Amino acid sequence: MLSSTSVAKSPSQKFIFIFLIIWFLVNLVQASFMELHPDEAYYWVYSRFLDWGYFDHPPMVALFIKAGDNLFQNKLGLRFLTVICSTLSVYLLWQIVKKYAENAVLFILLFSCFVLFHMYGFITTPDSPLLLFSILFFYLYQRYSRKDSYTLAVLLAVVIACMMYSKYHGILVLFFTILSNFKLLKRPSFWLIVVVALAVYMPHILWQIDNGYPSVHYHLFDRSARPYKVNFTLEYILGQVLLAGPLIGWYFYAKGYKVKADDAFLRAIKFNCYGIFLFFLLSTFKGRVEAHWTMIAYPPLFILSYCYLSQLVVVPVWVRRLVLTSVALILLARIILLVPGPLADKLRPLREYSGSEVWARQIKEKSGDSYVVFNQGFQEPSKFNFYNRTLKGFACNSRYYRKNQYDIWPIEDSLRNKRVYYVIPYSHGEVPQDSFPTSKGMYYGRYLEEVRLYQKVNIVTELPEEDWKAGETVQVLLEIQNPYNEAISFSNEGERWNAFFEYTFVKDGVIGDFYPIPENMQLLRIPAKGNVTVPVSVKAPAEPGDYYLFFSIRTEPFPGARNSKMIKVEIE
């Protein structure tokens, strides 16, 4: 079935257009009825606050969701543009590979056994637009590598900017493409690409500058490295093999490398494919790497695999069987996701796609029209917001978690000093509280009057240049910035909820105990949009080593926020 002995006889265009229609309709159904991944709900909240950038990612995913949500105010709306763009991606891939061999049956079956292509056929995350724009980049570069054209250069520049507006990983595509062909640097049109791409991308760069480079600090510094575990590397390798095809992925990696790079385009494809996989393989020595981060390498892997198989006189029978079995397994998984049951409930990755809509409505029944505060990260308030079509769910981010876009959005401004409903999946203790079953287990809620929050207060410091000694007390200056439109005071006198200034050290990714700042911070009063600078005492850890320091303002009954960036400290 996968034989390429008579490529010319294959009714290619007819088969491809039939497949495009089927692909579009299947993804349309899946997008309409399958529950959201929690991250999708988070990006839906992005779309309620359109901006040139966000804490975690650039803004393209928000534009994708906003466009579809204007048409359909439901799951389909959130995913609609992804379904369209995924279908367009299939067509563009066909236009790329048919220049080497025109075998539609091979193309369809090979494409259908790549797991990531199915995932981003209907799921909307930053990877969804990145997949489209990376394939569009390769489509245009195939032509640009053969013909130096200013028109193609401008189009490439815009697409490169769109890749970067989708996800920062897009820079790897540009890097490995240039690495594969240094002759590009001699083309005046190449430098036009650089200038136009930077101009189009400049609004996001300015957003980063205006907001203190939150994405840069998060991705490069706040994700503190953990001690290396061999599982990081082994899980990464296994994940890459499975995502390329549950049973046949290893074969694609092995054989794709054998394709001769007879032109500049195929050389760029090989550099991108194996260069990106190698880049993230090396990254596993610094911490855990999510399997889908390599998504931009899968179109090149697909192209190489197609070129290799299309050159065979006869594809081995066992390869055909593994391809067909892989496709069958993927289709089975999609059916399970669409119609969840006992099997989906037992598998953790599938469990994320069931029960959330009912859960969100159950929380809403208890909270009424109040703002609802969660402390389990950004996913729970985002699911609550999407399924109830509201913006009254708020993430009171724990200092044991990480900062995210809820630390920037104005939602906190709307609920400070108001009555809110605080809901968590464990008991609040010996206080009046609701306990009620949900589709996600037992939850506990209580109303908080005049809630006190300082999550958006930013603490900035420059540490002394001299080395810190283990166990010594060091004086540092803290600049405490008030972002709110009213003055704030940290005094606990007459307050329903007490506030505490604390600090901790992080070593090897493990957050240590929190210690109170000994100075009397309750005397601080900061005017609206103002700041104050105060000297405080910080005691260094007793053991030498490399640490990260951060400061936290904790207000009852919450676990406390991260109010400063992670600051690297070397203790002697």
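Observations, loosely collected:
- Low-density loop positions, trypsin sites (Lys or Arg not before Pro), the stretch 480-572 - DSSP coil, at most 13 other Cβ in 10 Å: 496, 529
- According to the Cα-based calculation, Rg over Rh for the stretch 346-480 is 1.09, with Rh computed by the Kirkwood formula.
- Charge dipole magnitude, Cβ of K and R +1, D and E -1 - the stretch 247-350, Cα centre, debye nearest 20: 200 debye
- P(r) of the chain over all Cα-Cα pairs, binned every 20 Å from zero, in whole percent: 18, 48, 28, 5, 0
- Among the trypsin sites (Lys or Arg not before Pro) in the stretch 54-107, those placed in a DSSP loop whose Cβ has at most 15 other Cβ atoms within 10 Å are 99.
- Compactness of the stretch 11-338 as Cα Rg over 2.2 N^0.38 Å, two decimals: 0.98
- For the cross-link pairs 75/440; 229/469; 286/568, the ones whose C-alpha atoms lie over 23 Å apart are 229/469.
- Each semi-axis of the equivalent ellipsoid for the stretch 21-68 is √(5λ) with λ an eigenvalue of the Cα gyration tensor; in descending order they amount to 24, 12, 8 Å.
- The residue list 522, 560, 488 was ranked by how far each Cα lies along the charge dipole of the stretch 458-571 toward its positive end, using unit charges on Cβ atoms, and 488 comes out on top.
- Modelled spin-label separation between residue 182 and residue 219, with each label point placed 7 Å from Cα along the Cα-to-Cβ direction: 2.7 nm.
- FRET efficiency for the residue 210 to residue 462 pair, using the beta carbon distance and R₀ = 30 Å, is estimated at 0.90.
- Gap separating the Cα centres of the stretch 384-424 and the stretch 190-212, nearest whole Å: 31 Å
- Phi to ³J(HN,Hα) by Karplus 6.51 cos²θ - 1.76 cosθ + 1.60 over the stretch 433-439, Hz, x for Gly, Pro: 7, 8, 10, 8, x, 9, 5
- Taking other residues whose beta carbon is less than 14 angstrom from the beta carbon of residue 167, and scoring Lys, Arg as +1 and Asp, Glu as -1, yields -4.
- The stretch 459-568: GluC sites (Glu not before Pro) falling in loop per DSSP and having at most 10 other Cβ within 10 Å: 462, 465, 466, 493
- For the stretch 458-571: span of alpha carbons on each principal axis (Å, largest first): 41, 28, 21
- Net dipole in debye of the chain [+1 Lys, Arg Cβ; -1 Asp, Glu Cβ; about Cα centre; nearest 20]: 2680 debye
- Ignoring lysines fewer than eight residues from residue 186 along the same chain, the ones with Cα atoms less than 17 angstrom from its Cα are 147.
- Cα-based reach from residue 418 at 19 Å (exclusive), listing aspartates and glutamates while leaving out same-chain residues under 8 positions away: 369, 407, 449, 450, 486, 493, 495, 556
- Net charge of neighbours whose Cβ lies under 11 Å from the Cβ of residue 149, counting Lys and Arg as +1 and Asp and Glu as -1: +3
- Annotation for residue 21 and residue 479: the two label points, set 7 Å from Cα along the Cα-Cβ direction, are 6.3 nm apart.
- Dipole magnitude for the stretch 11-338: about 1020 debye, using +1 per Lys or Arg Cβ and -1 per Asp or Glu Cβ, origin at the Cα centre.
- On the beta carbon distance between residue 235 and residue 491, with R0 = 45 Å, the FRET formula returns roughly 0.35.
- FRET efficiency, 1/(1 + (r/R0)^6) with R0 41 Å, evaluated for residue 442 and residue 418 via beta carbons: 0.95
- Take 510-516, 385-391 and order them by the average number of nearby Cβ atoms within 10 Å per residue, most first; the result is 385-391, 510-516.
Here, each number is a calculation from the coordinates, and none is a lab measurement. Only a predicted model underlies this, so the values are computations on that prediction, with no experimental measurement involved. A quick note on method: Cβ atoms are made from the backbone with ideal geometry, for glycine too, and the neighbour counts reach across all protein chains shown.
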